[in-house]
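Here is the structure we will look at.
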Amino acid sequence: GAGVSQSPSNKVTEKGKDVELRCDPISGHTALYWYRQSLGQGLEFLIYFQGNSAPDKSGLPSDRFSAERTGGSVSTLTIQRTQQEDSAVYLCASGSGTGWTDTQYFGPGTRLTVL
Amino acid sequence: GQNIDQPTEMTATEGAIVQINCTYQTSGFNGLFWYQQHAGEAPTFLSYNVLDGLEEKGRFSSFLSRSKGYSYLLLKELQMKDSASYLCAVMGYGGSQGNLIFGKGTKLSVKP
């Protein structure tokens, strides 16, 4: 596609439920990033995939968070046993994977609300 | 520790020039990005600096001083559509080659 797409655009869930958020990166981009943006806060790095390398999970806030990237393309971010503090906009970005100078192109985000 | 500071809010007049400052302290430095984010939308790339000096791109320019840990984004001939948040982000060493550390953003309001 022309840009990064994410689904769903909005998700409302009850505390304790699991949720899955999906990201379709720009075709041909080997790098994929997940961030979250809480109200009034800056973007917080969660996880980074580069090609077939093991992902950098250093930003995941707890073991309730996990992410997969199948076939080097689509990625799914899973949050288990959601808590109210997980409410945020979850943004996915992709890049050409050229390394340090890689420009990241962001998707529209998924707004997660945990009741 | 890693820290990026930028003003929370700024107001400017249509047609004027505004400078948004960003200071940073990070573990390593491999470039500084500026992103624009309109309310309710995803960030979009504006500029990238890795060497000291000024990078000009149309109405927007970005400056970097690595020795001072300082950057600014300069917006000229302001238009109402420039009302948005402007995010300063530094690519550091951290735990990942792709980890951008973001500031909290500067919300710019352009008034007629």
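A compact table of results
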{"quantity": "Within the range A:54-89, tally of residues that are free of Cβ contacts under 8 Å to residues at least 24 places away in the same chain, hydrophobic (A, V, I, L, M, F, W, C) and open to solvent by less than 30 Å² (accessible area, probe 1.4 Å)", "calculated": "1"}
{"quantity": "The range A:90-99 - residue that is open to solvent by less than 40 Å² (accessible area, probe 1.4 Å) and of a type in the set (Gly, Ala, Ser) and, of those, modelled with the lowest pLDDT", "calculated": "A:Gly99"}
{"quantity": "Number of the exception - B:Trp34 against (1) closer than 19 Å to B:Gln79 by Cα; (2) open to solvent by 20 Å² or more (accessible area, probe 1.4 Å)", "calculated": "(2)"}
{"quantity": "Single match in A:Leu32, A:Leu46, A:Leu91, A:Leu21 (criterion: at the interface with another protein chain (Cβ under 8 Å from one of its Cβ atoms), among the aliphatic types (A, V, I, L, M) and either in a strand (DSSP E or B) or under 28 Å from B:Lys107 (Cα atoms) (or both))", "calculated": "A:Leu91"}
{"quantity": "Condition broken by B:Phe63, with the remaining ones in (1) closer than 25 Å to A:Gln41 by Cβ; (2) assigned to a strand (DSSP E or B) satisfied", "calculated": "(1)"}
{"quantity": "Which listed residue, of B:Phe33, B:Phe45, is within 9 Å of chain A (Cβ to nearest Cβ), out of contact with any Ser or Thr (no Cβ under 6 Å at 6 or more places or on another chain), under 25 Å from A:Gly107 (Cα atoms) and outside any helix (DSSP H, G or I)", "calculated": "B:Phe33"}
{"quantity": "Residues of the range B:47-84 classified as touching a Cys at 6+ places or on another chain (Cβ under 8 Å) and open to solvent by less than 30 Å² (accessible area, probe 1.4 Å), total", "calculated": "2"}
{"quantity": "Filter result for B:Ala16 (away from chain A (no Cβ under 12 Å), assigned to a loop (DSSP other than H, G, I, E, B) and in contact with a Leu (Cβ under 9 Å, 6 or more places away or on another chain))", "calculated": "yes"}
{"quantity": "So A:Gly51, is it open to solvent by less than 50 Å² (accessible area, probe 1.4 Å), within 14 Å of chain B (Cβ to nearest Cβ) and modelled with pLDDT under 85", "calculated": "yes"}
{"quantity": "Some residue of the range A:33-40 being over 30 Å from B:Asn49 (Cα atoms), in contact (Cβ under 8 Å) with a residue 24 or more places away in the chain and not charged (D, E, K, R)", "calculated": "no"}
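The values are calculated or read from the model by the stated rules, or taken from the named source; none is laboratory data. Note that the coordinates shown come from a computational prediction; the quantities given were computed from them, not determined experimentally. When we count neighbours, we look across all protein chains shown, and the Cβ atoms used for this are built from the backbone with ideal geometry, even at glycine. Just the protein is used for accessible areas: all its heavy atoms, side chains included, with ligands, DNA and RNA removed. Shrake-Rupley method; radii C 1.70, N 1.55, O 1.52, S 1.80 Å.
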